[in-house]
Amino acid sequence: MIAHRILLAAALLALPGVAQAQFPNIGGLVKGVQNVKKLGDSLRKIPEPEEIKLGGDLASIILGAAPLVQDAEKQRYVNRVGRWLALHSDRPDLPWQFGIVETDDVNAFSMPGGYVLISRGMFDRMRNESELAGVLAHEIAHVANKDHLGALQSSLRNAALGDFTDYVGGSGGIGGAFKTALISAGKDMFARGLNHDDEYDADRMGVVIAARSGYSPYGLVGVLQTLSAAPEEKGYALMNKTHPLPVDRIERLDRAMGTKFDTVTAVVEDLPSFVALRAAPAPAAAKSTPARAPARARSRRRN
């Protein structure tokens with residue numbers, strides 16, 4: 001029945017006069033499909049300020065469900081490492097922002113325009129700074145490659161949107177209705193994850209970014225080994241749903257890296273500052289005592 005309907009539609013489209021007479025609105029439908037393709041194809045070419053604004057809107061979706069961890073010291077540290085890595089990416093001039101979000105789930109997210117968030121569950125499982133660098137570099141690679149815009153493009157091509165001018169403002173900005181469609185597509189993207197090929201590419205480019213920045217190129221491999229050791233735990237469910245299996249990622253990275261990094265020396269595996277940060281007492285929960293007080297207390301004790 002579905003195949004029959006597809007053939008019937010194709011026949012009608014091949015006879016525009018008959019189609020227009022029997023289905024007076026079919027011309028608008030065809031125009032809508034054409035406009036969706038224009039929207040999707042143009043999404044990767046949106047001006048950088050619009051990309052940054054879109055990324056901020058998408059980041060708000062994550063932060064609405066999982067706010068930032070109330071630990072200013074850790075947030076500053078992650079931003080310092082992340083921005084250093086971003087300087088060695090293909091898009092160093094984006095206004096990069098990094099953060100740790102309050103959830104036990106093990107995951108990391110990035111959004112167009114330079115927004116990168118990792119979960120507290122992920123951060124707490126990191127054994128050294130090169131692992132932190134590996135995860136952040138992977139997410140930076142997604143942004144540099146505009147993988148999210150490609151994923152949103154695919155979603156928009158499947159959407160029944162209206163006229164192109166309804167969604168793009170006269171100055172080339174994103175209109176309100178189009179923005180709503182993009183946010184909806186963004187939620188779907190977070191639930192489904194990116195294309196697996198994009199994930200493998202981000203693994204490879206993340207290793208390069210980490211090495212360029214002076215970190216061990218094997219930090220990401222260490223994280224993937226941790227992930228592969230406990231795939232059935234509840235906190236790993238979303239990660240496993242939205243990413244290729246860790247063992248597959250390790251195997252592909254091993255083939256891609258080969259012996260290319262064997263001669264790389266004087267790289268950072270860990271730093272005393274990260275060891276101290278990981279050893280610091282956990283901050284108070286956001287709904288109870290504010291986290292800033294214990295943070296200041298830790299600072300005084302170190303002084």
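The values are calculated or read from the model by the stated rules, or taken from the named source; none is laboratory data. Please read all numbers here as calculations on a predicted model, not as lab measurements. A quick note on method: Cβ atoms are made from the backbone with ideal geometry, for glycine too, and the neighbour counts reach across all protein chains shown.
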Tally of residues being closer than 22 Å to Leu238 by Cα, over 17 Å from the mean Cα position of the chain (by Cα) and small (Gly, Ala, Ser) across segment 59-86: 0
Scope segment 52-94; condition of a type in the set (Lys, Arg) and outside any loop (DSSP other than H, G, I, E, B); matching residues: Lys53, Lys74, Arg76, Arg80, Arg83
Of all residues making up segment 235-268, the number that are surrounded by fewer than 15 Cβ atoms within 10 Å (Cβ to Cβ), in contact (Cβ under 8 Å) with a residue 40 or more places away in the chain and touching a Ser or Thr at 6+ places or on another chain (Cβ under 7 Å): 0
Close pairs (8 angstrom Cβ cut-off, 6 or more residues apart or separate chains): within 11 Å of Leu136 (Cα to Cα) in segment 71-98, among the β-branched types (Val, Ile, Thr) and assigned to a helix (DSSP H, G or I) anywhere: Gly82/Ile140; Leu85/Ile140; Leu85/Ile209; Ala86/Ile140; Phe98/Val78; Phe98/Val81
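Condition check ((1) buried (at least 22 other Cβ atoms within 10 Å of the Cβ); (2) not aliphatic (A, V, I, L, M)) across all residues:
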{"position": "Leu85", "(1), (2)": "yes, no"}
{"position": "Arg91", "(1), (2)": "no, yes"}
{"position": "Glu102", "(1), (2)": "no, yes"}
{"position": "Gly113", "(1), (2)": "yes, yes"}
{"position": "Met126", "(1), (2)": "no, no"}
{"position": "Ser130", "(1), (2)": "yes, yes"}
{"position": "Val143", "(1), (2)": "yes, no"}
{"position": "Gly150", "(1), (2)": "no, yes"}
{"position": "Leu156", "(1), (2)": "yes, no"}
Total residues in segment 97-147, condition over 15 Å from Leu227 (Cα atoms) and assigned to a strand (DSSP E or B): 11
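A quick yes/no check of all residues on (1) within 14 Å of the chain's Cα centre (by Cα); (2) over 18 Å from Arg212 (Cβ atoms); (3) of a type in the set (Lys, Arg):
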| residue | (1), (2), (3) |
| --- | --- |
| His88 | no, no, no |
| Glu102 | no, yes, no |
| Phe109 | yes, yes, no |
| Glu139 | yes, no, no |
Filter result for the condition that a residue is at pLDDT 90 or above, closer than 19 Å to Asp270 by Cα and small (Gly, Ala, Ser), over Gly114, Gly99, Gly121, Gly134: Gly134
